[in-house]
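The values are calculated or read from the model by the stated rules, or taken from the named source; none is laboratory data. What you are looking at is a predicted structure, and each value in this text was computed from that prediction instead of being measured. Backbone-built Cβ (ideal geometry, glycine too); neighbour counts: all protein chains shown. Areas reflect the complete protein model, heavy atoms only, side chains present, ligands, DNA and RNA absent. Shrake-Rupley method; radii C 1.70, N 1.55, O 1.52, S 1.80 Å.
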Amino acid sequence: MGKPVVHFEIHGKDRIEAQRFYQSLFDWKINDDNPFNYGMVETGGEGGINGGISGPQDGTRVMVYVQVDDPQAYLDKAESLGGKTIMPVTEIPNAVTLAQFVDPDGNRVGLVKG
């Protein structure tokens, strides 16, 4: 069975302006009241996914996160297919376990343990 996309991220040059833009454009609810100032996005769409908007970490980008049962196994598989791990499996306590890789074309993809 396929693995669902469960989260998206938008990294803008200015997180406040990016959050304001997408909130105004799509009527998304955005809450960045957390220690990371990470704007948690509730899209409110039926059948849609939620995401996050933050400032640049190493440039602007849009990224999706795919839910998998074993992030390390998928990092290994991505590497065997020509990808490269850029964030090893990382647990954020009481929040999420995630990892990231780039595909052979340089696109970032996140993995979330589900």
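Can you tell me how many residues in the range 69-109 are assigned to a loop (DSSP other than H, G, I, E, B) and charged (D, E, K, R)? Please lay out each step first, then the result.
Here is the first cut: in the range 69-109, the residues assigned to a loop (DSSP other than H, G, I, E, B) are 69-70, 81-83, 93-95, 103-107.
Filter once more, so that each one left must be charged (D, E, K, R): 69-70, 103, 105.
Looking only at that region, the number is 4.
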Determine if the range 13-29 includes at least one residue that is touching a Phe, Trp or Tyr at 6+ places or on another chain (Cβ under 9 Å), open to solvent by less than 30 Å² (accessible area, probe 1.4 Å) and in contact (Cβ under 8 Å) with a residue 40 or more places away in the chain.
no
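Table: residues versus (1) modelled with pLDDT under 95; (2) aliphatic (A, V, I, L, M).
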{"position": "PHE8", "(1), (2)": "no, no"}
{"position": "MET40", "(1), (2)": "no, yes"}
{"position": "GLU46", "(1), (2)": "yes, no"}
{"position": "PRO56", "(1), (2)": "yes, no"}
{"position": "VAL64", "(1), (2)": "no, yes"}
{"position": "GLN67", "(1), (2)": "no, no"}
{"position": "TYR74", "(1), (2)": "no, no"}
For the condition in contact with a strand residue (DSSP E or B) (Cβ under 7 Å, 6 or more places away or on another chain), part of a strand (DSSP E or B) and open to solvent by 40 Å² or more (accessible area, probe 1.4 Å), what is the one hit in VAL112, VAL66, VAL62?
VAL62
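Mind checking which residues of the range 93-109 are among the aliphatic types (A, V, I, L, M), open to solvent by less than 60 Å² (accessible area, probe 1.4 Å) and out of contact with any helix residue (DSSP H, G or I) (no Cβ under 9 Å at 6 or more places or on another chain)?
So in the range 93-109, the residues among the aliphatic types (A, V, I, L, M) come out as 95-96, 98-99, 102, 109.
Remaining after also requiring open to solvent by less than 60 Å² (accessible area, probe 1.4 Å): 96, 98-99, 102, 109.
Of everything in the range 93-109, just one residue is among the aliphatic types (A, V, I, L, M), open to solvent by less than 60 Å² (accessible area, probe 1.4 Å) and out of contact with any helix residue (DSSP H, G or I) (no Cβ under 9 Å at 6 or more places or on another chain), namely VAL96.
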